[in-house]
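Novice: This structure is in structure tokens; I'll ask about it shortly.
The values are calculated or read from the model by the stated rules, or taken from the named source; none is laboratory data. Everything numeric here is computed off the predicted structure, so don't read it as measured data. Heads up, the Cβs are rebuilt from the backbone with ideal geometry, glycines too, and the neighbour counts pull from every protein chain shown.
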Amino acid sequence: MAESVIMRVIVVGLRGIPEVQGGVERHCQLLYPRLVRAGHKVTIIGRSPYISKTPYAFEGVKVVPVWSPRKKSLEAIVHTFLALIWVWLHKKDFDLIHIHAIGPALLAPVGRLTGLKVVVTNHGPDYDRQKWGWFGKWALRTGEMLGARFAHRMITVSQTIRDLMRDKHGITADYIPNGVVLPDKISPGPVLEKFGLTKGRYSVAVGRLVPEKGFHDLMEAFSRLGCDWKLALVGDADHEDAYSLGLKAKAKSTANVVMTGFQKGTALGELYSNAGLFVLPSYHEGLPIVGLEAMSYELPMILSDIPANREIAEPQELFPVGDVEALAAKIKSFLDTPELLSSEETLTRKRERLDQEFNWDRIAEQTAQVYETVVSLKKS
């Protein structure tokens, strides 16, 4: 990373790092150690139910736990408010606040009251998620608006979200995508043995057990195939509810479906490395890190045809979102003719994109440039 002004950054809006389930958490885990290695000072305010109860460091990033309720309707907003009180008490130690996601961005005006510069990263229109009722959707839309209006600068993780911010709120946001680290592939081992999976003979899907991930569609499509492949659903619910419990119950009664729970590190790497196919049937995404991870493992992919997925997928990899019959047909077509989704030309194109557009070192440089721009602004 090029020489730059050293900045002191306080980060709020996420559960914590490392290895806490969630796309925002994964984003922060991979971004902030790189900024620290470039000389910047980064502190993350995490949520105590998910991390150590005492402050600690991860790869040079200081992580401070602050209490939050573990209730989906209150967790983000209550924790962000308490985190900003903590920031106000320590504001002399920082140059800027970086708020992640539009729920926490509801408190961007409070961040401004500290006198620090405020950057907001919009990870996607979360009000489209199926779990929210009318009040939750209203609060998230308001958070999006307040983040756009009160942040000194907004970052978006996809071009679709950047265009949305321009059209809805008249702002010029900075497109800085999620990224991926090119992995070392892991041979079949204890994880495959534990879940009864055979190398190259299972499909993998990764994510939280929430309706917008579309795992119910995938399970139904898979059950129609009658093939000898297995389906590995990797992930769990942050807050157990009727949907996640129902999904787990259905998995038990559906042949060849395996639920692994939340996996991380080497275990997750083993599941990616040995899969024969990756499927992402989401109804909503910001820019799917799991999709980028599947690309990095050079997996054939099938994704729902939503704007965020179109930014990383090839046309032949897409199916109409929510169309179980089309998804089943797409998987069957792959099983019959695997080369349709895994040609060398396609793999080469994806390698180039991962190296150029979705490279975390480049993403860290771009983020630091936004910080420098914001910190150099006159007091406002």
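Novice: I'd like to verify a number: residues in the range 133-173 that are part of a loop (DSSP other than H, G, I, E, B) and touching a residue at least 40 places away in the same chain (Cβ under 8 Å), how many?
Specialist: Qualifying residue count, the range 133-173: 5.
Novice: Among the residues of the range 297-323, count how many are in contact with a strand residue (DSSP E or B) (Cβ under 6 Å, 6 or more places away or on another chain) and of a type in the set (Ser, Thr, Tyr).
Specialist: Adding up the residues that qualify gives 0.
Novice: While we're looking at this one, here's another question. Restrict the check to the range 248-258 and report whether at least one residue is in contact (Cβ under 8 Å) with a residue 40 or more places away in the chain and either buried (at least 23 other Cβ atoms within 10 Å of the Cβ) or in contact with a Pro (Cβ under 8 Å, 6 or more places away or on another chain) (or both). Spell out the reasoning first.
Specialist: Quick first cut of the range 248-258, residues in contact (Cβ under 8 Å) with a residue 40 or more places away in the chain only: 258.
Checking which are either buried (at least 23 other Cβ atoms within 10 Å of the Cβ) or in contact with a Pro (Cβ under 8 Å, 6 or more places away or on another chain) (or both) leaves us with none.
For the range 248-258, residues in contact (Cβ under 8 Å) with a residue 40 or more places away in the chain and either buried (at least 23 other Cβ atoms within 10 Å of the Cβ) or in contact with a Pro (Cβ under 8 Å, 6 or more places away or on another chain) (or both): absent.
Novice: Hey, another quick one. Restricting the first residue to the range 274-298 and requiring it to be free of Cβ contacts under 8 Å to residues at least 60 places away in the same chain, which pairs with a second residue that is surrounded by fewer than 23 Cβ atoms within 10 Å (Cβ to Cβ) meet a Cβ separation below 6 Å and a spacing of at least six or different chains?
Specialist: Listed by first residue and then by second, the contacts come to Glu298/Leu347.
Novice: Could you say which residue among Val180, Val258 is in contact with a helix residue (DSSP H, G or I) (Cβ under 6 Å, 6 or more places away or on another chain) and at pLDDT 95 or above?
Specialist: It is Val258.
Novice: Then there's this: Please work out which residue is surrounded by the most Cβ atoms within 10 Å (Cβ to Cβ), limiting yourself to the range 325-353 and to residues that are of a type in the set (Gly, Ala, Ser) and touching a residue at least 40 places away in the same chain (Cβ under 8 Å). Let's see the steps before the verdict.
Specialist: Keep residues of the range 325-353 that are of a type in the set (Gly, Ala, Ser), which gives 326, 328-329, 333, 342-343.
Add one more test, that the residue is touching a residue at least 40 places away in the same chain (Cβ under 8 Å), and what stays is 328, 342.
On the way: Ala328: 19, Ser342: 15.
Here the residue is Ala328.
Novice: Only one of (1) over 20 Å from the mean Cα position of the chain (by Cα); (2) touching a residue at least 24 places away in the same chain (Cβ under 8 Å) is not met by Arg208, so which one is it?
Specialist: Going through the list (1) over 20 Å from the mean Cα position of the chain (by Cα); (2) touching a residue at least 24 places away in the same chain (Cβ under 8 Å), Arg208 breaks only (1).
Novice: Given the condition modelled with pLDDT of 95 or more, of a type in the set (Gly, Ala, Ser) and over 30 Å from Lys41 (Cβ atoms), answer yes or no: does some residue in the range 347-365 qualify?
Specialist: So far as the range 347-365 goes, no, none of its residues is modelled with pLDDT of 95 or more, of a type in the set (Gly, Ala, Ser) and over 30 Å from Lys41 (Cβ atoms).
Novice: Could you pull out the residue among Ala76, Ala83, Ala57, Ala38 that is surrounded by 23 or more Cβ atoms within 10 Å (Cβ to Cβ), in the same structural domain as Ile102 (by TED's automatic domain parsing) and either more than 23 Å from Leu106 (Cα to Cα) or modelled with pLDDT under 95 (or both)?
Specialist: Among Ala76, Ala83, Ala57, Ala38, only Ala76 is surrounded by 23 or more Cβ atoms within 10 Å (Cβ to Cβ), in the same structural domain as Ile102 (by TED's automatic domain parsing) and either more than 23 Å from Leu106 (Cα to Cα) or modelled with pLDDT under 95 (or both).
Okay, residues lined up against (1) in contact with a helix residue (DSSP H, G or I) (Cβ under 8 Å, 6 or more places away or on another chain); (2) not assigned by TED's automatic domain parsing to the domain that holds Gln369:
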residue	(1), (2)
Arg162	no, no
Met165	yes, no
Ile171	yes, no
Lys185	yes, yes
Leu197	yes, yes
Pro211	yes, yes
Leu233	yes, yes
Asp236	yes, yes
Gly265	no, yes
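Novice: Oh, and also: In this structure, is Pro69 free of Cβ contacts under 8 Å to residues at least 12 places away in the same chain, in the same structural domain as Val12 (by TED's automatic domain parsing) and out of contact with any Lys or Arg (no Cβ under 8 Å at 6 or more places or on another chain)?
Specialist: So Pro69 passes the test.
Novice: Another one. Filter the range 322-368 down to the residues that are within 18 Å of Pro300 (Cα to Cα) and of a type in the set (Val, Ile, Thr) and list them by number.
Specialist: Step one: list which residues in the range 322-368 are within 18 Å of Pro300 (Cα to Cα), which gives 326-354.
Across the range 322-368, the qualifying residues are Ile331, Thr337, Thr346, Thr348.
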